[in-house]
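Below is one structure, written out as structure tokens, with a few remarks after it.
The values are calculated or read from the model by the stated rules, or taken from the named source; none is laboratory data. Since the structure is predicted, the reported quantities are computational estimates derived from the model, not experimental observations. Here the Cβ positions follow ideal geometry from the backbone for every residue, glycine too, while neighbour counts run over all protein chains shown.
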Amino acid sequence: MSTTSVSPPATGRRTAWAEGLDELRAAARTEPGRLRVIGAVLALLVVVFGTVAAWQVTNRAAAADDVVEHSQPLTADAASIYRSLADADTTAAAGFLTGRTESGAIRDRYAADLSTASALLVKAAANSSGSPAARAQIARLNSGLPRYAGLVETARANNRQGLPLGGAYLRYANERMRTELLPAARALYDAETDRLAADYRAAGARPWLAMGAGVVAIGALGWAQRRHYRRTNRVFNRGLVAATASSAVVLVWLVAGHTVARTGLTGSYEHGARSLRVLNEARIDALQARGDENLTLVARGAVLTGGGQDFYEAGFRSGMADLAGGGEHGDAGPGNRLGAALALADDEAGRRPVREALTRVRQWQERHGAARAADDKGDYERALAKVIGPEGSTGESFDRVAAGLQRALVHEQAEFRSAADAGRAALRGLAVGAGVLAAAGAVGAVLGIGRRLAEYR
Amino acid sequence: MRVRARGLVNLRAVLAPVASGMGVMAAAAAVLVPALGGDAARDTPGPGRVSPPAATHRTYVPGTAQAAPALAPCTARTAAESLRPSTEDGAAVKRIKEKGQLVVGVDQNTYRWGYRNPATGELEGFDIDLARAIAEDILGPHPPVVFKAVPTNQRIPALQKRSVDMVVRTMTINCVRKQQVAFSTSYFQAGQQVLAPVASKVTAFDDSLRGKRVCTAAGSTGETALRARPHGAQVLTVPNQLDCLVRLQLGRADAVVTDSALAAAQAAQDPTVELKGKPFTDESYGVAMNKDDTDLVRRVNKVLDDYRGGGTKSPWMQAYRTWLRADLPGISGPPSPQYSD
């Protein structure tokens with residue numbers, strides 16, 4: 001009972017395409033033909049839906065993986081580079097204050113900071129292929145870091161000879177660090193943070209195309225079943241029902257899975273990445289304030305601001321204001337790093353180390369005031385003991401502040417990881433599942449139509 | 001005829017004031033020229049003067065009082081004049097004795113003048129030795145001296161606020177400062193000088209600086225002198241004069257302009273640089289005190305007289321040999337004091 005073309009053969013040869021179209025047109029006039037076309041279209045729609053869903057989900061899952069495995073660690077590395085450089089500068093200045101020969105512990109800490117910075121720079125360079133901005137900053141850091149190290153060694157050599165030229169070299173090295181290396185590290189951190197934000201956006205973007213294709217496929221299936229019902233008065237065609245069910249499952253799974261993933265990722269951003277950013281900046285502020293405090297004693301009034309204040313003391317004050325607000329007592333208000341970190345921490349385990357760091361900062365400010373008073377009275381030795389002494393000094397307070405911030409950072413990193421992993425888990429299996437279910441749905445649609453077609457034999 | 005007469009009358013009326021003015025000028029010239037010319041004639045070398053390497057300096061005859069009234073306006077030549085020495089305990093000296101300590105504003109960063117030795121942690125230098133000598137005279141042997149590090153632009157405010165009793169800090173005596181603080185007699189003669197590497201083509205503060213990058217401390221006398229007469233050099237300023245040596249060593253500058261004493265301190269730290277030419281300005285270093293402490297000024301001048309006395313064995317010469325001779329050779333004695341009363 002095959003239908004054949006009823007058009008009379010033309011005088012010339014016709015292309016297969018034209019002949020096929022003629023066949024379709026003829027087929028469309030008969031119910032079986034129409035049924036075949038409908039079956040083909042339905043199968044195609046379901047397969048397209050499945051494909052688009054799988055493709056979009058794969059993209060988003062890859063972006064989420066990038067966030068957790070790639071961008072966030074690189075951002076953390078950039079923060080570590082920044083911290084290592086600031087710590088190296090602070091440690092070099094501290095070494096000067098202990099006299100002509102530095103202690104072994106300080107030398108080791110300085111060397112460890114430089115090697116950390118170098119190693120992380122190599123890693124960042126290997127991973128910077130997508131970001132010309134990051135590459136430019138890495139190049140600047142690579143060329144500036146050896147020169148800085150050379151200046152510090154010259155400072156040390158002169159200091160060993162007992163020459164004040166050593167102090168001048170140290171101040172010059174500090175200036176190079178502050179005006180060239182730290183801004184480059186900051187720009188690298190910002191570039192990595194931008195990449196992280198881009199990955200977050202890519203992972204959280206709603207899969208509108210897949211959802212649209214799903215709606216279209218289910219709509220077409222519904223229309224086909226309604227047409228079937230109207231013509232044959234049979235409500236359920238098993239194949240078509242199966243196809244509709246599997247498409248609906250894929251759509252629901254897609255929407256739900258993506259929403260859960262989005263929630264997890266947003267949570268990891270709000271409660272993890274943002275806190276980490278503020279805490280990293282707080283740590284750097286603390287380091288730079290400590291460096292300025294050390295340099296005040298190295299420079300001994302050699303450099304002044306325009307207003308006649310000691311340059312490094314003014315730097316210390318502004319660093320402290322950034323870190324914990326302008327006051328010297330009590331809570332940090334908003335608008336400074338510790339206050340922001342406290343506001344962003346969402347559980348007690350995150351707030352406790354920040355509060356402790358704040359207490360230590362207030363202690364640091366108090367001890368610093370005593371050291372300044374001693375230095376202004378001309379008692380340099382006492383001021384020195386109050387700054388780098390083993391107990392009761394600002395050095396002790398600073399170490400405790402750094403430890404508190406480190407604990408908070410570890411906690412926030414764990415929170416980030418768990419939230420982001422929860423988000424990723426929601427997307428797991430969705431691509432494969434969508435593909436399989438869509439294939440099953442297409443088969444079901446074809447079988448359902450075929451069942452109906454079979455009635456025409 | 002009438003016109004000519006009137007013209008003659010007018011001419012006389014015009015000439016009369018001119019003639020009287022010329023007469024006054026002639027009289028003034030007759031009075032003043034011998035005085036000024038006599039001044040120049042007094043410029044003969046006497047014992048205890050600064051010798052040839054500082055030849056552009058003025059030389060002073062010891063003990064010659066300048067015939068100027070006590071309230072003469074300060075000029076560049078008379079700036080180094082101070083009050084006559086005296087051993088009386090006036091109000092300021094009594095105050096120091098009651099307090100039991102002398103607070104002296106010094107530098108902590110100038111090698112050989114006021115410098116904290118990192119090995120011992122103690123302050124040492126030419127200025128420090130002088131401050132200790134003053135304290136010993138006022139407070140007896142092993143005096144409790146408190147050294148306070150004073151940044152350059154806090155020297156005068158610290159004295160005015162009396163947070164220090166005196167400032168011994170390579171401070172140049174000039175008329176502008178004399179309006180705010182009182183100075184002792186000069187204890188060292190210095191001047192702005194050029195410092196450059198030994199192998200450099202720069203020879204002095206002249207056209208050999210053309211096209212070179214010359215470094216100087218911001219806001220210093222050196223910067224003023226350099227901007228007034230740059231000799232075609234590019235001026236580079238840094239916050240502190242020692243930073244100029246850093247720039248020189250790193251190849252970012254070709255020469256440095258600063259006080260000869262500070263330049264000598266820099267040369268002491270780097271054997272490959274040396275002072276070039278001669279000092280091209282004339283600067284005296286003095287001990288600065290609060291303007292009201294006139295008895296302290298007299299006491300310090302007396303201490304300085306003793307410090308200078310004794311020829312080659314004087315404390316001044318001993319301090320010079322300890323701290324300065326290696327880099328500022330050729331000084332045979334301290335500068336002579338000048339008194340205004």
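Here's the yes/no breakdown for (1) modelled with pLDDT under 95; (2) of a type outside the set (A, V, I, L, M, F, W, C); (3) closer than 28 Å to residue B:122 by Cβ:
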{"position": "A:93", "(1), (2), (3)": "yes, no, yes"}
{"position": "A:97", "(1), (2), (3)": "yes, no, yes"}
{"position": "A:102", "(1), (2), (3)": "yes, yes, yes"}
{"position": "A:112", "(1), (2), (3)": "no, no, no"}
{"position": "A:119", "(1), (2), (3)": "no, no, no"}
{"position": "A:125", "(1), (2), (3)": "yes, no, no"}
{"position": "A:135", "(1), (2), (3)": "yes, yes, no"}
(message) Which of the helices (runs of 4 or more DSSP H) found entirely inside segment A:305-421 contain at least 2 residues meeting this: at pLDDT 90 or above and more than 29 Å from the chain's Cα centre (by Cα)?
(response) A:311-324, A:348-376, A:380-388
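Out of everything in segment B:235-269 that is more than 23 Å from the chain's Cα centre (by Cα) and β-branched (Val, Ile, Thr), what residue ends up being nearest to the other protein chains (Cβ to nearest Cβ)?
The first filter runs over segment B:235-269 and keeps only residues more than 23 Å from the chain's Cα centre (by Cα), leaving B:235-236, B:246-254, B:269.
Going one step further and asking which of them are β-branched (Val, Ile, Thr), we end up with B:235, B:246.
Details: B:235: 19, B:246: 5 Å.
Only one residue fits best here, namely B:246.
This table checks each residue for (1) small (Gly, Ala, Ser); (2) surrounded by fewer than 24 Cβ atoms within 10 Å (Cβ to Cβ); (3) touching a helix residue (DSSP H, G or I) at 6+ places or on another chain (Cβ under 7 Å).
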{"site": "A:251", "(1), (2), (3)": "no, yes, yes"}
{"site": "A:256", "(1), (2), (3)": "yes, yes, no"}
{"site": "A:260", "(1), (2), (3)": "no, yes, yes"}
{"site": "A:270", "(1), (2), (3)": "no, yes, no"}
{"site": "A:281", "(1), (2), (3)": "no, yes, yes"}
{"site": "A:295", "(1), (2), (3)": "no, no, yes"}
{"site": "A:318", "(1), (2), (3)": "yes, yes, no"}
{"site": "A:325", "(1), (2), (3)": "yes, yes, yes"}
(request) State yes or no: is residue A:141 touching a residue at least 12 places away in the same chain (Cβ under 8 Å), over 30 Å from residue B:265 (Cβ atoms) and either touching a helix residue (DSSP H, G or I) at 6+ places or on another chain (Cβ under 7 Å) or away from chain B (no Cβ under 14 Å) (or both)? (result) yes
(request) From the list B:172, B:203, pick out the single residue that is of a type in the set (S, T, N, Q) and under 17 Å from the mean Cα position of the chain (by Cα). (result) B:172
(request) For segment B:321-336, indicate whether the set of residues that are crowded, with 23+ Cβ neighbours inside 10 Å, touching a residue at least 60 places away in the same chain (Cβ under 8 Å) and assigned to a helix (DSSP H, G or I) is non-empty. (result) yes
(message) Quick check on my filter: what residues within segment A:214-241 are within 17 Å of residue A:456 (Cα to Cα) and part of a loop (DSSP other than H, G, I, E, B)?
(response) A:233, A:234, A:237
(request) Have a look at A:157, A:173, A:168 and point out the one that is within 18 Å of residue A:115 (Cα to Cα) and within 13 Å of chain B (Cβ to nearest Cβ). (result) A:173
(request) Six or more apart or on different chains, Cβ under 6 Å: which pairs go from a residue in segment A:300-319 that's without any contact (Cβ under 8 Å) to a residue 40 or more places away in the chain and more than 10 Å from chain B (Cβ to nearest Cβ) to one that's assigned to a loop (DSSP other than H, G, I, E, B) and of a type outside the set (A, V, I, L, M)? Could you list them? (result) A:314/A:305
(request) Output the residue which, of all residues in segment B:264-316 that are more than 29 Å from residue A:166 (Cα to Cα) and basic (Lys, Arg), is surrounded by the fewest Cβ atoms within 10 Å (Cβ to Cβ). (result) B:313
(request) Taking residue A:360 as meeting all but one of (1) closer than 19 Å to residue A:298 by Cα; (2) away from chain B (no Cβ under 14 Å); (3) not acidic (Asp, Glu), write down the number of the exception. (result) (1)
(request) Look at residue A:181 and say whether it is surrounded by 22 or more Cβ atoms within 10 Å (Cβ to Cβ) and modelled with pLDDT of 95 or more. (result) yes
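Consider segment B:262-281. How many of its residues are charged (D, E, K, R) and over 22 Å from residue B:206 (Cβ atoms)? Walk me through it before giving the result.
Looking only at segment B:262-281, we keep the residues that are charged (D, E, K, R), and these are B:270, B:274, B:276, B:278.
Right, trim to over 22 Å from residue B:206 (Cβ atoms) and you get B:270.
Of the residues in segment B:262-281, 1 are charged (D, E, K, R) and over 22 Å from residue B:206 (Cβ atoms).
Just give me the residues in segment B:209-219 being surrounded by fewer than 20 Cβ atoms within 10 Å (Cβ to Cβ) and either closer than 17 Å to residue B:280 by Cβ or within 24 Å of the chain's Cα centre (by Cα) (or both), in sequence order. Don't jump to the end; show me each part of the working.
The initial filter retains those residues of segment B:209-219 that are surrounded by fewer than 20 Cβ atoms within 10 Å (Cβ to Cβ), namely B:210-213, B:218-219.
Across segment B:209-219, the qualifying residues are B:210, B:212, B:218, B:219.
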(request) Any chance you could count how many residues in segment A:154-207 are within 30 Å of residue B:270 (Cβ to Cβ) and aromatic (Phe, Trp, Tyr)? (result) 2
(request) Sort through A:37, A:52, A:67 and tell me the only one that's of a type in the set (A, V, I, L, M, F, W, C), under 30 Å from residue A:121 (Cβ atoms) and assigned to a helix (DSSP H, G or I). (result) A:67
